[in-house]
Amino acid sequence: MIAAVPDQADTSYLLLTLAQTTYGIRGDWVREVIRWREPTPVPGTPDLLPGIINQRGVILTVIDMRALLALPETPPNRATRYVITKNVEVEAALLCDSVLDLVSLSAAVFEPLPSSLDPQRARLFERMARVNDIPIVLFDLAAIMSTLQATT
Amino acid sequence: METDLLIVCTSQQRYAVRRDQLLGLRMIITAADLERPDDRGKPVNSVDLGEVLGINSQTTHRHRHALVVPSRRRSVLLLVDRVEHLCAAMEERLHPFPRLLRHQMERPWFLGVLIERDDMPVLVLDVRQIAQDILMKTRSHTHATSHEQHRQVHHL
């Protein structure tokens, strides 16, 4: 587990994993974390949207975060989770390998994205952080949503 | 949506269909059942609903059911494995698709989402639209084939 780094200007992030890499998503975008269950597939939609789920009467689009990052597919297991997010008016269920913790990150731990990163992929991230020498890639949810809405 | 919904199952998925979009249901026991004209005496085309929707649909059922969807000149038989039950289309159980998904849907074949008893979302199909698209595709394929045959005969 990654320890929180206290600071006056901390920002909370939910840490999750995809293919053994740690990613973060801003805590104020996260509604809840729920266990995986089979989504209902919607024919004629891209593979990165494997279907819809119902969470307390709200129909949510599932976004396969592995598919979004062009990572290899893996079957769901006991650790697989949906991170329910809300950005502006768009709610979604982000499918990820596991969820680690909700932590506060101070300004001191943030780093810019490596310049070698593929620009197509880089636009999905806001920046990086390094805590206890573990790199954390921080998602930009607004950019992800606008990318998905633009991809038809 | 003021009509009852029929819950049907392909080999992989459950779907909801508006009852008022159907001419009727037909039990499919022999190949002849696929050829028989509809109740109006109009010819029929038959297709597997799961296949049309692009979800892998390899049925193991010997006896199947057909949703008879009327069109002006003919009907389309959409084959399913089971017809489960009829349910009231109560407004509180019907939902539009999430905005994010609406942007990504290739085909206008869905009317919304029904939350069923088990809380699983069930897609409400627009079977009239599906039938129209099937007939249009069949017609354009037939025209293309007859045009090609005509061209070959002319060439000879």
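The values are calculated or read from the model by the stated rules, or taken from the named source; none is laboratory data. As the structure is a prediction and not an experimental result, all values here were calculated from the model. Methodologically, a virtual Cβ is constructed for each residue, glycine included, from the backbone with ideal geometry; neighbour enumeration extends over all protein chains shown.
Looking only at helices (runs of 4 or more DSSP H) that fall completely inside the range B:31-112, which ones have 1 or more residues that are modelled with pLDDT of 90 or more and either more than 9 Å from chain A (Cβ to nearest Cβ) or touching a helix residue (DSSP H, G or I) at 6+ places or on another chain (Cβ under 9 Å) (or both)?
B:32-35, B:49-53
A quick yes/no check of all residues on (1) under 27 Å from A:P46 (Cα atoms); (2) over 14 Å from the mean Cα position of the chain (by Cα):
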| position | (1), (2) |
| --- | --- |
| A:L95 | yes, no |
| A:S104 | no, yes |
| A:S115 | no, yes |
| A:A129 | no, yes |
| A:I136 | no, no |
| A:A150 | yes, yes |
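Being in contact with a Phe, Trp or Tyr (Cβ under 6 Å, 6 or more places away or on another chain) and over 17 Å from A:A70 (Cβ atoms) is the filter here, so list the residues in the range A:114-137 that pass it.
Answer for the range A:114-137, where residues must be in contact with a Phe, Trp or Tyr (Cβ under 6 Å, 6 or more places away or on another chain) and over 17 Å from A:A70 (Cβ atoms): A:R127, A:A129.
Going by the structure shown, is A:L16 within 18 Å of A:L141 (Cβ to Cβ), in contact (Cβ under 8 Å) with a residue 24 or more places away in the chain, within 14 Å of chain B (Cβ to nearest Cβ) and under 15 Å from the mean Cα position of the chain (by Cα)?
no
If we scan the range A:52-64, do we find a residue that is more than 21 Å from A:Q149 (Cβ to Cβ) and surrounded by fewer than 15 Cβ atoms within 10 Å (Cβ to Cβ)?
Yes; the residues of the range A:52-64 include at least one that is more than 21 Å from A:Q149 (Cβ to Cβ) and surrounded by fewer than 15 Cβ atoms within 10 Å (Cβ to Cβ).
Can you tell me which residue within the range B:113-122, out of those that are in contact with a strand residue (DSSP E or B) (Cβ under 6 Å, 6 or more places away or on another chain) and closer than 24 Å to A:D47 by Cβ, is farthest from the other protein chains (Cβ to nearest Cβ)?
Applying the filter and picking the extreme gives B:V122.
Please specify each residue of the range B:79-96 satisfying the condition of being out of contact with any Ser or Thr (no Cβ under 8 Å at 6 or more places or on another chain) and not basic (K, R).
Within the range B:79-96, B:V83, B:E84, B:H85, B:L86, B:C87, B:A88, B:M90, B:E91, B:E92, B:L94, B:H95, B:P96 qualify.
In the range B:123-141, what residues are away from chain A (no Cβ under 14 Å) and surrounded by 21 or more Cβ atoms within 10 Å (Cβ to Cβ)?
B:A131, the sole residue that qualifies.
Name the single residue that is surrounded by the fewest Cβ atoms within 10 Å (Cβ to Cβ) among those in the range A:1-16 being at pLDDT below 95 and not small (G, A, S).
A:Q8
In the range A:56-76, what residues are under 16 Å from B:R99 (Cβ atoms) and either more than 16 Å from the chain's Cα centre (by Cα) or at the interface with chain B (Cβ under 9 Å from one of its Cβ atoms) (or both)?
A:V58, A:I59, A:L60, A:T61, A:I63
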